[in-house]
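Below: one structure, written as structure tokens.
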Amino acid sequence: MQKRSLNGIIKEVGNALKLVPFSCWQLIVEKEPEYREMKSLSQRYPPGPFLVLMIAAGLNDFQLKGRAEVAYWPPLRRHLENSPVPNSLNKLELILEQFYQNERLNYLKIRRLRRFLRSSLAKKLWNMTPRAASEQLKGIWHQVAIIMRQKPSDKTIAFSAKTLGIGLLLLNETGFDFAGIPLPIDLRVRSLTPFLRTDDQIQRFWNLVLEELRTIQPQLTHLHLDSLLWQYAGAMDKLSYLLNLGISRESAEYIKQIFEDLRSSRI
């Protein structure tokens, strides 16, 4: 394998992803399991409780029984649909505890659930409008990190910001600023850049790719990019995945080749 400059790789990946039309980026987010599976709940729950639910679910999306799109979000949705809509944080806690009792690391996940749901932030969010949550999204992200005693860049904290963002989209609130919130780095995203050793390096790499993308599509955020990377890395037939988004065959084949080159890169 020939060594390549990191800046050259970033430019190449950014230019390939510029071929994805913005309409496709919107579809990509809507294909996320947390968007698909929680859509029905967004129509049943009041807005504040729904956003609390989205953050709580995001915080416990780790060490799952299988792929998240099969083993976590669909059974969580079914459990919630078969439970009454909670009218208090205490009742939401009881409903979610019943679900997490049957999950891997159930003790840890119930403890994390209680830590968040019993916080002053959860109480505040319970009565917050989507517009207010949208305006305070970054502050909420930082407060969640403090409550959970983690770094804002940690996978579960960054992912809870993403699930909050998706929750806002499901409530038809699109005016939030997601810039600066990092990618949640999991095994799928990590697999795309095996030449990078740490999560910080991976986050910085995709930050720079996003900067390149935003030169022509300033609306794009990590919410869009993470959704594409996570879905692409998990797709069995990667070309079909890109084609099914509505990307032209020529562009899809080029993007697939760039991602294959990325996996074999050395710097």
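The values are calculated or read from the model by the stated rules, or taken from the named source; none is laboratory data. Predicted, not measured: the structure shown is a model, and the values here were computed from it. Cβ atoms come from the backbone with ideal geometry, glycine included; neighbour counts cover every protein chain shown.
Counting only residues that are aliphatic (A, V, I, L, M), touching a helix residue (DSSP H, G or I) at 6+ places or on another chain (Cβ under 8 Å) and loosely packed, with under 15 Cβ neighbours inside 10 Å, how many does the range 86-101 have?
Result for the range 86-101: 0.
Take residues that are closer than 17 Å to Val13 by Cα and more than 22 Å from the chain's Cα centre (by Cα) and tell me which of the helices (runs of 4 or more DSSP H) falling wholly in the range 176-267 contain 2 or more.
Output list reads 249-263.
Please tell me if Lys151 is out of contact with any Phe, Trp or Tyr (no Cβ under 8 Å at 6 or more places or on another chain), under 21 Å from Leu183 (Cβ atoms), in contact (Cβ under 8 Å) with a residue 40 or more places away in the chain and surrounded by fewer than 18 Cβ atoms within 10 Å (Cβ to Cβ).
Here the answer is no, as Lys151 does not meet what is asked.
Applying the selection to the range 89-129, what residues are within 18 Å of Ser42 (Cα to Cα) and either among the acidic types (Asp, Glu) or free of Cβ contacts under 8 Å to residues at least 12 places away in the same chain (or both)?
Lys91, Glu93 - these are the residues of the range 89-129 that are within 18 Å of Ser42 (Cα to Cα) and either among the acidic types (Asp, Glu) or free of Cβ contacts under 8 Å to residues at least 12 places away in the same chain (or both).
Listed here are the residues, each with its yes/no results for (1) modelled with pLDDT of 95 or more; (2) over 17 Å from Phe259 (Cα atoms).
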{"residue": "Leu187", "(1), (2)": "no, no"}
{"residue": "Pro194", "(1), (2)": "no, no"}
{"residue": "Asp199", "(1), (2)": "no, yes"}
{"residue": "Phe205", "(1), (2)": "yes, no"}
{"residue": "Arg214", "(1), (2)": "no, yes"}
{"residue": "Gln217", "(1), (2)": "no, yes"}
{"residue": "Leu223", "(1), (2)": "no, yes"}
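Residues Arg4, Arg36: which one is over 27 Å from His142 (Cβ atoms), modelled with pLDDT of 95 or more and not small (Gly, Ala, Ser)?
Sole residue among the options that is over 27 Å from His142 (Cβ atoms), modelled with pLDDT of 95 or more and not small (Gly, Ala, Ser): Arg36.
Select from the range 24-64 the residues that are acidic (Asp, Glu) and in a helix (DSSP H, G or I) and write down the one among them that is surrounded by the fewest Cβ atoms within 10 Å (Cβ to Cβ).
Glu30
Within the set of pairs 6+ apart or on separate chains, which have a first residue in the range 239-267 that is acidic (Asp, Glu), a second that is not in a helix (DSSP H, G or I), and C-beta atoms under 9 Å apart?
Cβ pairs passing all conditions: Glu250/Leu19; Asp261/Arg4.
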